[in-house]
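Read through the structure below, which is laid out as structure tokens, and then see the notes.
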Amino acid sequence: MFDLAHVSKRHGSTVALDGIDLHVARGCTTALIGPSGAGKSTVLRMLVGLDWPDRGEVRFDGEPLQRQRLPEHRRRIGYVIQEGGLFPHLSAADNAALLARTLGWPRERIDARLAELAVLCRLPPDALKRYPAELSGGQRQRVGLVRALMLDPPVLLLDEPLGALDPVIRHELQAQMRELFAALRKTVVMVTHDVAEAAYLADTLVLLRSGRIVQQGSARELHDMP
Ligand code: ADP
Ligand code: ADP
């Protein structure tokens, strides 16, 4: 579904990505793992079209991403960052509904979709009326998921989705996300520094270090490597 071909990226004098080749298979969950600064978030931002390669190419279904077609591309992608990345001055419902409103969805359709997704993401209905600061970290994360799923995009990109949560909540959400990914059959790419989480949630693990892919395979394959 996505291909990165010989992608390099610098931020000033820092090499964020150094000639990456990566294929992301449709309908699979891919986890990008590796130490802080390895380039994981940069890969994700390139898939969204928030960052562009200095060299190389990012393709979606074989077609290079084009800046002028980015709005269309973004609607195919649900992008979730840590703690949901919510606007603090909007209620959870308004955060989640923002894009659908921009696209002119009628109110009934938005409300119905919100109610459906609240159930799917196990968010209490009254939580949607609250502001992000009035929600727990886990609830903010769920609202982030609801927002990302609003337009039913084929792709979900998750950047450290559970990073800020305490271990108990984190464990619970991991199990629920695994169920959710299996049920929705989306193409998921997630960034995590937690190898156990990656092995639990993803079909393919991609290990980055210093802007390069150093290992790639299923959890089992990586485990069996010398
Ligand atoms: P990771 O997600 O693996 O922690 P990142 O992709 O965020 O890594 O960053 C890769 C490298 O690029 C790091 O050295 C980081 O400091 C640098 N970097 C990322 N974004 C920027 C930026 N906007 N400006 C300067 N340096 C950046
Ligand atoms: P900004 O992202 O801040 O608006 P620019 O518009 O200057 O900055 O673009 C940032 C980088 O992305 C530049 O190096 C530019 O050449 C590159 N870029 C712009 N459009 C495309 C594209 N369609 N495909 C690949 N790279 C692109």
| remark: Reported set for the range 46-89 where residues are among the polar types (S, T, N, Q) and either within 16 Å of ligand 1 (Cβ to nearest atom) or touching a Cys at 6+ places or on another chain (Cβ under 9 Å) (or both) is Gln82
| query | Any residue in the range 114-129 that is buried (at least 18 other Cβ atoms within 10 Å of the Cβ), touching a Pro at 6+ places or on another chain (Cβ under 6 Å) and of a type outside the set (Phe, Trp, Tyr)? | reply | yes
| request: Go through the range 57-69 and give me each residue that's more than 8 Å from ligand 2 (Cβ to nearest atom) and over 21 Å from Gly27 (Cβ atoms). | output: Arg69
| query | Where in the range 1-56 are the strands (runs of 3 or more DSSP E), entirely inside, with at least 3 residues that are away from ligand 2 (no atom under 14 Å from the Cβ), modelled with pLDDT of 95 or more and touching a Phe, Trp or Tyr at 6+ places or on another chain (Cβ under 9 Å)? | reply | 14-24
| field | the range 1-17 - residue that is surrounded by 15 or more Cβ atoms within 10 Å (Cβ to Cβ) and within 11 Å of ligand 1 (Cβ to nearest atom) and, of those, nearest to Asp54 (Cα to Cα) | value | Lys9
| Does Ile33 fit the bill of being more than 8 Å from ligand 1 (Cβ to nearest atom), closer than 29 Å to Ala182 by Cβ and out of contact with any Asp or Glu (no Cβ under 9 Å at 6 or more places or on another chain)? | no
| field | Residues satisfying the stated conditions in the range 18-30, i.e. out of contact with any Gly (no Cβ under 8 Å at 6 or more places or on another chain) and either within 13 Å of ligand 1 (Cβ to nearest atom) or β-branched (Val, Ile, Thr) (or both) | value | Val24, Thr29, Thr30
| note | Here the residues within the range 138-160 that are in a helix (DSSP H, G or I) and either in contact with a helix residue (DSSP H, G or I) (Cβ under 6 Å, 6 or more places away or on another chain) or farther than 26 Å from Arg45 by Cα (or both) are Gly138, Gln139, Arg140, Gln141, Val143, Gly144, Val146, Arg147, Leu149
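The values are calculated or read from the model by the stated rules, or taken from the named source; none is laboratory data. As the structure is a computational prediction, the values presented were derived from the model and not from experiment. Cβ coordinates were reconstructed from backbone atoms using ideal geometry, including for glycine residues, and neighbour counts include every protein chain displayed.
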